[in-house]
Amino acid sequence: MELSELANASGEWLRGSGPESDIVISSRIRLARNLADFPFLSRANESDLAAIEQQIQKAVDSLKADGRLQETTMFIDVGGLPRLDRQFLVERQLISRELAESNGSRAVVIDPAEKFSLMVNEEDHLRLQVMQSGLNLREGWEQMNRLDDMIEEHVTYAFSDRLGYLTACPTNVGTGIRVSVMLHLPALVITRQIEKVFKSLQKINLAVRGLYGEGSQAMGDFYQISNQITLGLTEEELITKVGDIVPVLIDYERQARGFLIRESHETLHDRVSRAFGILRTAQTISSEETMHLLSSVRMGVNLGLIPDLTIPTINKLFIHSQPAHLQKITGELMDKTDRDIERASYLRRHLNGTESNGGPTRN
């Protein structure tokens, strides 16, 4: 399987078919792990990094050989990738910006269905990631637990009986788990309640980040909610903590949408219709404006204001209209001006019914 094949498909988190998927885009479980025989990355040399990568690749090859990982599971040398491909994997949520921009030996293991990825030599030696569509933390944790156990059969993790798993960042020491849920909260933004919600989350030690995690902006009204610390709590307790607050946020967003329908129906309908109209007719459009307008359209679809348009299609457009995806789909390197023109053309084709909604086609 090649990266070009990923560009022409929709990954697990874009399916739009999981529980509460009108508001919850995806659930993600991440684990930070380090190998006992090597120093943390801040003290590791290039020889250490290469040896860590080799050990993980050997483990993955063994798991593919015994049938526990699919034969098409990809092991990709990130350091050897062109910049465009690295950006593509970031947009795809398969690697972090830190892994994409760092130096030295580093890699990623990608499940062909994109249900999991393993980042090698990011902040820690190994970052395991499992993603599920909608609100599905329990199933995500079960899959992660199996994956973690399989890897541990082939490597020795750095572990302390007193502290738990040892990690590069102190906030990850203990379980090493980061539980996060990505939500689409446009109504809370429109009704100006979003800051109040954020302040409430911070009081209970939950972090709020943008679409691409730490340090990123909340493009398209997408927000990631996750635990801030891992020490002193079990995996189950952390999953419960995040899992218990998400339904409250879903309820807040639904109440805000209900308020907009009742009190500002014409204004809301106009906002959604204008966004849809611009996306269907624009001749040039930036990725930022596209995200903003698609956010209104996605809410409109969920509220029944736009017929004959599905949430999986909108979810796909959010990602496939990003800069690296556009270039991978067309097979051409483009400057910003050309990307904005191609993005508008791509959106017109998909939203006006002139191209199949099953997935983009290569020009």
Can you run down the residue pairs with Cβ atoms below 9 Å, 6 or more apart or on separate chains, where the first is in the stretch 228-247 and within 23 Å of Arg162 (Cα to Cα) and the partner is part of a helix (DSSP H, G or I) and among the aromatic types (Phe, Trp, Tyr)? Glu235/Trp141; Glu236/Trp141; Ile239/Trp141
Per-region count, the stretch 8-56, residues more than 30 Å from Lys316 (Cβ to Cβ) and outside any strand (DSSP E or B): 22
For a quick check of your reading of the model, give me the residue pairs whose first member lies in the stretch 77-99 and is among the acidic types (Asp, Glu), whose second is assigned to a helix (DSSP H, G or I), with beta-carbon atoms closer than 7 Å and at least 6 apart or on different chains. Asp85/Leu3; Glu91/Ile319; Glu91/Ala324; Glu91/His325
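Does Ser102 satisfy being farther than 15 Å from Thr230 by Cβ and of a type in the set (Ser, Thr, Tyr)?
Numbers: farther than 15 Å from Thr230 by Cβ: yes; of a type in the set (Ser, Thr, Tyr): yes.
Yes.
Evaluate the following for Ala113: is it touching a residue at least 24 places away in the same chain (Cβ under 8 Å) and within 30 Å of Arg257 (Cβ to Cβ)? Full working, then the answer.
Values: touching a residue at least 24 places away in the same chain (Cβ under 8 Å): yes; within 30 Å of Arg257 (Cβ to Cβ): no.
No: the conditions fail for Ala113.
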Go through (1) charged (D, E, K, R); (2) in contact with a Phe, Trp or Tyr (Cβ under 9 Å, 6 or more places away or on another chain); (3) modelled with pLDDT of 95 or more; (4) under 28 Å from Leu183 (Cα atoms) one by one and return the number of the condition Asp61 breaks. (4)
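Does the stretch 98-110 contain any residue that is in the same structural domain as Gly16 (by TED's automatic domain parsing), touching a strand residue (DSSP E or B) at 6+ places or on another chain (Cβ under 7 Å), crowded, with 16+ Cβ neighbours inside 10 Å and within 18 Å of Ala7 (Cβ to Cβ)?
Restricting attention to the stretch 98-110, the residues satisfying the condition of being in the same structural domain as Gly16 (by TED's automatic domain parsing) are 98-110.
From what is left, the residues that are touching a strand residue (DSSP E or B) at 6+ places or on another chain (Cβ under 7 Å) are 99, 106-110.
Then drop every residue that is not crowded, with 16+ Cβ neighbours inside 10 Å, which leaves 99, 106-110.
Checking the rest, the ones that are also within 18 Å of Ala7 (Cβ to Cβ) come to 108, 110.
Among the residues of the stretch 98-110, at least one is in the same structural domain as Gly16 (by TED's automatic domain parsing), touching a strand residue (DSSP E or B) at 6+ places or on another chain (Cβ under 7 Å), crowded, with 16+ Cβ neighbours inside 10 Å and within 18 Å of Ala7 (Cβ to Cβ), which makes the answer yes.
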Out of all the residues in the stretch 161-168, is one or more modelled with pLDDT under 90, over 25 Å from Ala113 (Cβ atoms), out of contact with any helix residue (DSSP H, G or I) (no Cβ under 9 Å at 6 or more places or on another chain) and crowded, with 17+ Cβ neighbours inside 10 Å? no
Considering residues of the stretch 1-60 that are more than 17 Å from the chain's Cα centre (by Cα), under 28 Å from Pro82 (Cβ atoms) and of a type in the set (Gly, Ala, Ser) only, the residue surrounded by the fewest Cβ atoms within 10 Å (Cβ to Cβ): Ser42
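Within the stretch 79-92, which residues are surrounded by 13 or more Cβ atoms within 10 Å (Cβ to Cβ) and closer than 22 Å to Met334 by Cα? It would help to see each step written out before you state the result.
Of the residues in the stretch 79-92, the ones surrounded by 13 or more Cβ atoms within 10 Å (Cβ to Cβ) are 79, 81, 84-92.
Residues satisfying the conditions are Leu81, Leu84, Asp85, Arg86, Gln87, Phe88, Leu89, Val90, Glu91, Arg92.
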Could you go through the stretch 88-96 and let me know if any residue there is farther than 30 Å from Ala187 by Cα, assigned to a loop (DSSP other than H, G, I, E, B), assigned by TED's automatic domain parsing to the domain that holds Val173 and touching a Ser or Thr at 6+ places or on another chain (Cβ under 9 Å). no
Could you please find all residues in the stretch 68-78 being assigned to a loop (DSSP other than H, G, I, E, B) and either surrounded by fewer than 16 Cβ atoms within 10 Å (Cβ to Cβ) or under 19 Å from the mean Cα position of the chain (by Cα) (or both)? Arg68, Gln70, Glu71, Thr72, Thr73
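The values are calculated or read from the model by the stated rules, or taken from the named source; none is laboratory data. Quantities reported herein were computed from a predicted structural model and do not represent experimental measurements. Because the Cβ atoms are built from the backbone with ideal geometry, glycine has one as well, and the counts that use them run over all protein chains shown.
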